Amino acid sequence: CAVSYAYSQDLKVVNIDGKGCTGEFPFIISNSNPLASEKINTYLNVDLLLIVPGSFKKCPFERVMSNSGSFSANTDFEEYSININSKTILSLSIKGETTAAYPQNASWDYNFNAITGDVIYPDELFTEAGYLKIKKQLQIK
C-alpha cells in the first residue's frame with residue numbers, strides 16, 4: 001500500500017490576529033493543504049496559548065496573559081522567526097518572556113512536516129545511536 005501526498009506549496013506564516021491583544025505569534029494559512037495548517041495551528045495554540053484555535057472570547061492570548069493586576073503566571077510572546085519553510089518542512093522559533101515569581105526569557109522551537117502537519121520529533125530524524133551522540137555533545141557544551 002503506497003501513500004501519496006501532494007507537496008505543500010503555500011504554508012504562509014502570518015501573525016495571529018490578536019483583536020485588541022498585543023503579541024507576536026505565528027498563524028499558518030494554506031489554501032492547498034488546509035488540513036496541515038489546521039493541525040499546526042491547533043498544536044501551537046494548545047501547547048503555548050492553552051486554547052483551541054478560534055475558541056477564545058476576547059483574544060488568542062487570554063489564557064496566558066494576565067491583565068487583572070493580581071499575581072499570576074503570564075507569558076508574553078515577543079517575536080517568532082521562520083527557520084525553514086519548504087515543500088516538506090516548516091520550522092519555527094518563538095521567543096517571549098514568562099513571568100511567575102520572576103520574569104524569564106523563553107524560547108520554543110518547532111518542526112513540522114509541511115505535507116501532513118505532524119510534529120517532527122528528533123527520533124524520527126536520527127538513529128538511536130546518532131541521537132544519543134548529538135545529545136551527549138550538546139550536554140558537554
Query raised in the report: What single numbered condition from (1) of a type outside the set (Val, Ile, Thr); (2) buried (at least 17 other Cβ atoms within 10 Å of the Cβ); (3) on the phi < 0 side of the Ramachandran plot fails to hold for Lys87?
Result: (2)
Query raised in the report: Does any residue of segment 123-138 turn out to be farther than 20 Å from Pro34 by Cβ, modelled with pLDDT of 85 or more and touching an Asp or Glu at 6+ places or on another chain (Cβ under 9 Å)?
Result: no
Requested in this report: Would you mind finding the one in Ile94, Ile84, Ile40 that is assigned to a helix (DSSP H, G or I), of a type in the set (A, V, I, L, M) and at pLDDT 90 or above?
Outcome: Ile40
Query raised in the report: Does segment 93-102 hold any residues that are open to solvent by less than 90 Å² (accessible area, probe 1.4 Å) and either in contact with a strand residue (DSSP E or B) (Cβ under 9 Å, 6 or more places away or on another chain) or in contact (Cβ under 8 Å) with a residue 60 or more places away in the chain (or both), and which are they?
Result: Ser93, Ile94, Gly96, Glu97, Thr98, Thr99, Ala100
Query raised in the report: So Leu35 clears everything in (1) part of a helix (DSSP H, G or I); (2) modelled with pLDDT under 80 except one condition, right? Which one?
Result: (2)
Query - Answer residue from segment 103-140, given it is of a type in the set (Val, Ile, Thr) and surrounded by 12 or more Cβ atoms within 10 Å (Cβ to Cβ) and is farthest from Ile89 (Cα to Cα) among those - result: Ile134
Report summary line: Looking across segment 56-81 at residues that are at pLDDT 85 or above and hydroxyl-bearing (Ser, Thr, Tyr), the single one that is farthest from Ile120 (Cα to Cα) is Thr75
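The values are calculated or read from the model by the stated rules, or taken from the named source; none is laboratory data. The structure displayed is predicted, hence computed values, not measured ones. Cβ coordinates were reconstructed from backbone atoms using ideal geometry, including for glycine residues, and neighbour counts include every protein chain displayed. The area values use the complete protein model at the heavy-atom level, side chains included, leaving out ligands, DNA and RNA. Shrake-Rupley method; radii C 1.70, N 1.55, O 1.52, S 1.80 Å.
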